[in-house]
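I have placed the structure first, in the form of structure tokens, so that the comments after it can refer back to it.
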Amino acid sequence: MRKGFSLIELLVIIAILPFVFIVIDGLIATMFTDIPRSVKSIQDNSILLNMTEQMQQDIDTAKDLPRSVNGYTAGDDLLLIELADGTIHYQLKDNNVFRYVFAENQQQIPEKTILWSMPGTKIKWQVHRKNGKGYAVEIEHHIEYTLKGHLIKKMANSNMYFVGILE
């Protein structure tokens, strides 16, 4: 009975080990980079879908999409939605979207505020108007991240929501 390994057995193991390490390296890279990035992307997309669903509900019940209300002017970073009982303001600021609800009689202090924090998410909205009256909001969005020096855009989408009460 012999103890130990022969020279040929050791050479075979040494020849096979680099291939095993290459496979293990790929698995480790996937576990520590690709999976967390995918999970974050899915979380960002879920938050984005929740926000667009809330916007759709607000726009569906809107009376108007005014250009300005009580000193606030709609633009690239502010969306105004007039309801029968007040105004809703959506504001883009520092990778966040804020939703402020102002009652009809109180336009200085919001009744309710919702915040969606979306770092890495790019959002752009545009109000479509006919004869000066807003009738729809188009929202474009995507999630951006850098991978090996390249900018990647994921889950790009565009939504069009029409005002519920058209005259």
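Every number here is computed from the coordinates shown, using simple stated rules; none is lab data. Not measured: the values here are computed from a predicted model. Glycine gets a Cβ as well: all are built from the backbone with ideal geometry, and neighbour counts include every protein chain shown.
Taking Cα atoms only, the orientation of helix 7-29 departs from the longest principal axis of the chain by about 0 degrees.
When the pairs LYS40/LYS133; LYS63/LYS154; LYS63/LYS112; LYS93/LYS148 are compared against a 31 Å limit on Cα-Cα distance, LYS40/LYS133; LYS63/LYS154 fall above it. The modelled label-to-label distance for the pair ALA15/GLU138, using points 7 Å beyond Cα in the direction of Cβ, is 6.3 nm.
Here the spin labels are modelled as points 7 Å beyond Cα on the Cα-Cβ line, and at LEU147 and ASP76 they lie 2.8 nm apart. The value of relative contact order for the chain, using C-alpha pairs under 8 Å at least six residues apart, is 18 percent. Positive end of the dipole of the chain (Cβ unit charges, origin at the Cα centre): among VAL163, THR73, MET118, the Cα lying farthest that way belongs to MET118. Listed by chain and number, the aspartates and glutamates placed with their C-alpha closer than 13 angstrom to that of LYS122 are ASP44, ASP76, ASP77, ASP94, GLU140, GLU144; residues fewer than eight positions away on the same chain are left out. Would you mind checking the tilt of helix 35-60 against the longest principal axis of the Cα atoms of the chain, expressed as 0 to 90 degrees and rounded to 10? Rounded to the nearest ten degrees, it is 10.
The helix-only estimate of mean residue ellipticity at 222 nm for the chain, built from DSSP H runs of length n ≥ 4 each weighted as -39500 (n - 2.57), is -10500 deg cm²/dmol after division by the residue total. A straight chain from ASN50 to ILE24 at 0.36 nm per residue would run longer than the Cα-Cα distance by 5.6 nm. Close amide H contacts of MET118 (hydrogens built in the peptide plane, cut-off under 5 Å, sequence separation of 5 or more or a different chain): ASN96, VAL97.
Centre-to-centre separation between the Cα atoms of region 1-69 and those of region 94-162: 26 Å.
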